[in-house]
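Take a look at the structure set out below.
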Amino acid sequence: MEVPGAGYGVLALLVALFGALAWKYARRLVTVARVLRRGARAEGECVRVETEPYQRSDARRHFFAFRTADGTPVEFEDLAGWSTTEGTRVTVTYDPRDPRGTATVAGRGSWSPVLQALALVAGCGMAALGFAVLLYVEIFRSG
């Protein structure tokens with residue numbers, strides 16, 4: 001049984017999903033770029049690496065910790081390369097006004113979070129654009 005218009009709804013949801021993801025990572029990319037230019041730096045380390053439960057995926061989440069200039073402990077999640085393991089020492093760059101919201105391990109010699117965010121923005125943006133074109137074609141082909 002075919003539901004009339006269901007294809008439009010699915011395509012519209014995919015456009016919205018990938019568009020929202022592209023927007024999220026674009027905002028993160030802008031924050032990281034701003035912090036790299038003007039942020040404070042601190043020594044930190046990777047405190048844990050989590051993998052998908054039951055090993056269903058190769059996705060890994062990296063968590064880092066550092067202390068701000070005034071001694072406040074901060075833990076945050078960030079994108080990191082495969083070679084980053086628990087205990088890896090990193091340089092953290094952050095905005096002192098919002099350390100937890102802006103902290104990144106991107107710094108001199110460690111551009112991984114910048115490149116990963118850029119790849120995610122490009123990939124999700126292209127997916128959103130592709131699904132939008134498919135939706136457009138579907139609407140005007142059947143009309």
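The values are calculated or read from the model by the stated rules, or taken from the named source; none is laboratory data. These numbers were taken from a predicted model, which means no experiment stands behind them. Cβ: placed from backbone, ideal geometry, glycine included. Neighbour counts: every protein chain shown. Areas reflect the complete protein model, heavy atoms only, side chains present, ligands, DNA and RNA absent. Shrake-Rupley method; radii C 1.70, N 1.55, O 1.52, S 1.80 Å.
With the condition kept exactly as written, say whether any residue in region 52-63 is touching a strand residue (DSSP E or B) at 6+ places or on another chain (Cβ under 6 Å) and touching a residue at least 60 places away in the same chain (Cβ under 8 Å).
No.
Which condition number does V30 fail, the rest of (1) in contact (Cβ under 8 Å) with a residue 24 or more places away in the chain; (2) under 20 Å from the mean Cα position of the chain (by Cα); (3) under 30 Å from L135 (Cβ atoms) being met?
(1)
Which of the strands (runs of 3 or more DSSP E) found entirely inside region 16-95 contain at least 3 residues meeting this: within 13 Å of P113 (Cβ to Cβ) and at pLDDT 90 or above? Break it down into steps so the answer makes sense when it comes.
Working: elements: 40-51, 60-67, 73-78, 89-94.
Here the list reads 89-94.
With the structure loaded, tell me whether T88 is more than 20 Å from the chain's Cα centre (by Cα) and open to solvent by less than 30 Å² (accessible area, probe 1.4 Å) or whether it fails that test. Before the answer, list the steps.
Details: more than 20 Å from the chain's Cα centre (by Cα): yes; open to solvent by less than 30 Å² (accessible area, probe 1.4 Å): no.
No, not satisfied.
Can you tell me which condition L13 does not meet? The list is (1) modelled with pLDDT of 90 or more; (2) part of a loop (DSSP other than H, G, I, E, B); (3) under 27 Å from G125 (Cβ atoms), and all the others hold.
(2)
Show the residue pairs meeting these rules: Cβ distance below 8 Å; 6+ apart or different chains; first residue within region 81-105 and closer than 12 Å to V32 by Cβ; second residue in a loop (DSSP other than H, G, I, E, B) and among the charged types (D, E, K, R).
Note: pairs meeting the criteria are G101/D95; T102/D95.
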